[in-house]
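Down below is the structure, laid out as structure tokens.
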Amino acid sequence: MRSFTYARPETPDAAVAAFAAAGAGARYIAGGTTLFDLMKLNIEQPAHLVDVTAIRDLDRIETGGRTLRFEALAPMSAIATHPVVLRDYPVLAEALSKAASQQLRNMATVGGNLLQRTRCLYFRNGPAGAYPCNKREPGSGCAAIDGLDRGQAVLGQSAHCNAVSPGDWPVALTAMDAEVEVLGPTGRRTLPIAQLYRLPGDTPHLEFNLQPGEMITAIVVPKTRAGRRSTYHKIRDRESYAFALASAAVALEMDGDRVTAARIALGGVATRPWRATAAEAALIGRRLTPETAMETGHAALAGAVAGHHNGFKIELGARTVADALMIAARRT
């Protein structure tokens, strides 16, 4: 056990101040469902923990007005079962309900879940392990590229990393054009969810576009008619408590059987939540049939590059998108 200090501030500003005062090695903690795992593996070794769970009103869920607003400490389970979200935005409810286990969904927060780190086995082998990992130790190499890469990415990878972005919730939020509100030492700012995540490039250890000391305080989702006709479709090795081999978040607006607007995001196949904008554009104005759905699925995986053992993900991803489109189209 490594020793660390601990603070439990009661306001967002006090939390940021506590983080800044602690200096290098500080980490925010809420549900702890990811950080505690990484601490036990010695991947994360914080010198100071700033517990944000005592901050009042940072767990609110607001569904009135022109947006959905989820404060960062809202439990995943609370949003997954919220009647307005279930009725009007099934893509959001399904992304949360298909993640982890019920116990973890009760503990994990929707803000913290956005910052979940990869489940790549080589990364999680730990700092003292036998396998190099550029996410864990920059410049050490990537054992996954020439190793057992069945679960690795086929989109967005680089010569330095092919680790999959693990989340379900971020994929659904990407499809719905969500924004995150952030508070840090320099004040407050808002950024699109798509800008929160970085491609690995030659710095795969830098996964998020957050400055030191910044914390996510809220998630804002614009309301849209496409929410009613939406789904999160997840394919995995077992039906529960497993990460996606491929997933698709889809939302549609339709006039009869013709698509007038489309949103498509992919999970399980890319190094960050992956928006398939070209596939969306190609679908607009067309009749949605099983054939056009499959064409759109293949368009969504355009540019995918297989490794040694994960080539199946390209066709699986395309079929996952196609199935999600047909599921969403049947909803009213």
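The values are calculated or read from the model by the stated rules, or taken from the named source; none is laboratory data. Since we're looking at a predicted model, the values are computed, not measured. Glycine gets a Cβ as well: all are built from the backbone with ideal geometry, and neighbour counts include every protein chain shown.
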Checklist entry - Would segment 63-71 turn up any residue that is loosely packed, with under 15 Cβ neighbours inside 10 Å, over 29 Å from LEU252 (Cβ atoms) and touching a residue at least 40 places away in the same chain (Cβ under 8 Å)? => result no
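Has segment 106-115 got at least one residue that is of a type outside the set (Gly, Ala, Ser) and farther than 20 Å from ILE29 by Cα? So that I can check it myself, show each step before the final result.
Applying the first criterion (of a type outside the set (Gly, Ala, Ser)) to segment 106-115 yields 106-107, 109-110, 113-115.
Those left that are additionally farther than 20 Å from ILE29 by Cα: none.
Taking every residue of segment 106-115 in turn, none turns out to be of a type outside the set (Gly, Ala, Ser) and farther than 20 Å from ILE29 by Cα.
Those residues that are under 19 Å from VAL16 (Cα atoms) and outside any loop (DSSP other than H, G, I, E, B), I need them from segment 197-211; list them, please.
Filtering segment 197-211 down to residues under 19 Å from VAL16 (Cα atoms) leaves 208-211.
Across segment 197-211, the qualifying residue is only PHE208.
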Checklist entry - How many of the residues in segment 102-158 are touching a helix residue (DSSP H, G or I) at 6+ places or on another chain (Cβ under 7 Å) and farther than 19 Å from PHE36 by Cβ? => result 3
Checklist outcome for this item: For strands (runs of 3 or more DSSP E) lying entirely in segment 25-85, having 2 or more residues that are out of contact with any Lys or Arg (no Cβ under 9 Å at 6 or more places or on another chain) picks out 26-29
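If the requirement is being outside the structural domain of GLY268 (by TED's automatic domain parsing), over 13 Å from the mean Cα position of the chain (by Cα) and free of Cβ contacts under 8 Å to residues at least 12 places away in the same chain, which of these qualifies: PRO75, PRO132?
On the way: PRO75 fails: free of Cβ contacts under 8 Å to residues at least 12 places away in the same chain.
Going through PRO75, PRO132 in turn, the sole match is PRO132.
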